[in-house]
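The values are calculated or read from the model by the stated rules, or taken from the named source; none is laboratory data. The shown structure was predicted, so the numbers you read here are calculated from the model rather than taken from an experiment. Positions of Cβ are backbone-derived with ideal geometry, glycine not excepted, and every protein chain shown enters the neighbour counts. Note: accessible area is taken over every heavy atom of the protein model, side chains too, but ligands, DNA and RNA are not part of it. Shrake-Rupley method; radii C 1.70, N 1.55, O 1.52, S 1.80 Å.
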Amino acid sequence: MTNAGSQQPGSTTQPALLRVDDLVVDLDRRSVRRGAELLDIPDRSLRLLEALIRHAPELVSKDQLIAEVWDDAVVSDETLAQRVRLLRQSLGDDSRNPRYIASVRGRGYRLIAPTGKTGATPAKRRRGTIWFIASAALLVGIALSWQLTHRPAPDDDVRKAGALAVLPFTDMSAGQDHQFFADGMHEELLSRLAMIDGLSVISRTSVERYRGTEASLPDIARQLGADAVVEGSVRIDDDRLRVTVQLIDASSDEHLWAANFDRQLSMQDIFGLQTNVAVQIAEALKLKYANAADRSDRLPTNDIEAYNLYLLGRYHTFKQTRRDLEDAVTYLEQAIDIDPEFAEAYATLGWAYSFLGTGYGSRLPEEMYPKAKEVALRAIALDASLADARTLYADILTWYDWDFIAAEREYRKTMELDPLNVLGYALFLSTQERHDEAITLVERRLAADPNDPYVRINAGWRYLNAGQTDKAVDAAMAASEHSDSTYLIGLSRLAQDDTAAAVDLFEGALESQGRTAFNAANLAVAYFRDGRPADGEPLLKELEDFAEDNYVPPGLLAGVYLAAGDADQGFALLERAFEERSRDMIFLRVDEMLRGYRDDPRYVALLERVGLQ
């Protein structure tokens, strides 16, 4: 431990009494006061504060702080982060809305509070502080005004390449209970930025994996192939909304533009703010935002409570767990009760209903899909230009009604509204064994969103359905963070007759992802296909026992029985899946689990009854 008031190597001499905003730091007495209050700050935390003061307002790297505070001892970044948290706690600082210490993603920390020598009487010090803050505010205001009107044009490479990543917005509200709202702001801003000519906006699912990451912005941009990055935060306090947005050049890590927006929490102000941000980002990139006669500025509802419930419902819908889907239905039905003309709420409710009718929600298809169809049609009646509702309706026509002619008509209408909304149509084409058309569509979308794991995994499924197993594996490996990745690779290995590799993959999934019916069924299939019935039969018995008290999709069990060579029981379960109008039925022509049974008369009969012959 160093002596009181000692200096670290390379530092400059500091006065013994320092002011840090409203704090007085006495280096001789090793104390920190706020007015008459003596703050309880451990010595190591005080040494950290000293190091930040020495370098203020410059950024101090993590390595430099460790060297100065721990005297070059071997200390992890996590230990430093924990010490910063303790110091913030002692000072009453908030990492989400810092007053004293700011973190710089992946790089280090800086003291952002105003500092200076002190020795004045308390009254003079207060007057001096007030004058300093007022002067600083005036200078900042002048600087921001000059920057927004006179800032030099950004680097030409940024303007030409035009690849922009908008990271997930952070909820900085006091209770951190408005992340759903921050996510809604993020999604709406993405849709507006996507309309800027000359700008390629990286998809939401591509940037989602960087939520809360400590990676540096240049590293994130390099991984995403972005030339510029947008970061933002949302803070809601009663009926006030504060949004902070900054645009950063990826190559230099320098700010191109930043702004704070304070608004009343009303629908008009929220949507006006979203467009305002998009316009200013476009101007900072020397591009033009043009949305004349576009639907993005049309308010989806005039009721802020209905909008909040809609955002909550959407937030839970795409988490796709049974509990989340049930919560989503509750929120969205409440939103519709408040505003029966809210088209977007009907469309999202349709997705929640439809997901509940799959393995995500384990509810009977015949219970959920008619509800989904009803609200999808209501959404279209309210807003015929809503591509999200149109593609949902097309999916239900495919998954449940098996009305393939009508479904294709709706998918084509969807593409007219949104040329990149093609993944549902590509799946439809695969089920019809129109593989070249399907792959053309997913590769078109992949070209627009090459880093999107959801798009990659969809491309992988289309490759597998077409028998292009090597491409399927490559796509799945490139989307390793997607929940379907292991499943897709495992089925591809089964299609390649590499059953041992499939066993290894599915054993790993059962261990790492949990002993779900889905994981147990996949492993059982792999065991049977690998000639290991002694390992497969206990899993099949486990599935049968589980199915006595829980809903297990009959198509899932059918695949296990067929792999075990029990064709009678397998086709009996497929018959039950047909009666339930299970979504599994649309994959009869391409399902790997049915390989070896396609000459069976029962298989041919099923094809005819579903309308796939």
Exercise. Which of the residues that make up the stretch 380-393 are within 25 Å of the chain's Cα centre (by Cα) and of a type in the set (Gly, Ala, Ser)?
Worked result: ALA387, ALA389
Exercise. Inside the stretch 448-473, can you point out the residues that are farther than 21 Å from ALA526 by Cβ and modelled with pLDDT under 95?
Worked result: ALA448, ASP449, PRO450, ASN451, ASP452, PRO453, TYR454, VAL455, ARG456, ASN458
Exercise. So which of ALA447, ALA389, ALA438 is of a type in the set (A, V, I, L, M) and over 29 Å from TYR210 (Cα atoms)?
Worked result: ALA438
For this session: Could you tell me whether the stretch 473-481 includes any residue that is within 25 Å of GLN513 (Cα to Cα), in contact (Cβ under 8 Å) with a residue 60 or more places away in the chain, among the hydroxyl-bearing types (Ser, Thr, Tyr) and open to solvent by 30 Å² or more (accessible area, probe 1.4 Å)?
Result: no
Seminar exercise, completed: Those helices (runs of 4 or more DSSP H) completely within the stretch 158-244 that have 1 or more residues that are open to solvent by less than 20 Å² (accessible area, probe 1.4 Å) and among the basic types (Lys, Arg) are 179-193
Problem set entry | Unique residue being modelled with pLDDT of 80 or more and more than 30 Å from THR301 (Cβ to Cβ) when the list is ILE220, ILE202, ILE236 | ILE220
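Quick check, is LEU505 open to solvent by 10 Å² or more (accessible area, probe 1.4 Å), touching a residue at least 12 places away in the same chain (Cβ under 8 Å), part of a helix (DSSP H, G or I) and not acidic (Asp, Glu)?
Details: open to solvent by 10 Å² or more (accessible area, probe 1.4 Å): yes; touching a residue at least 12 places away in the same chain (Cβ under 8 Å): yes; part of a helix (DSSP H, G or I): yes; not acidic (Asp, Glu): yes.
It is true that LEU505 is open to solvent by 10 Å² or more (accessible area, probe 1.4 Å), touching a residue at least 12 places away in the same chain (Cβ under 8 Å), part of a helix (DSSP H, G or I) and not acidic (Asp, Glu).
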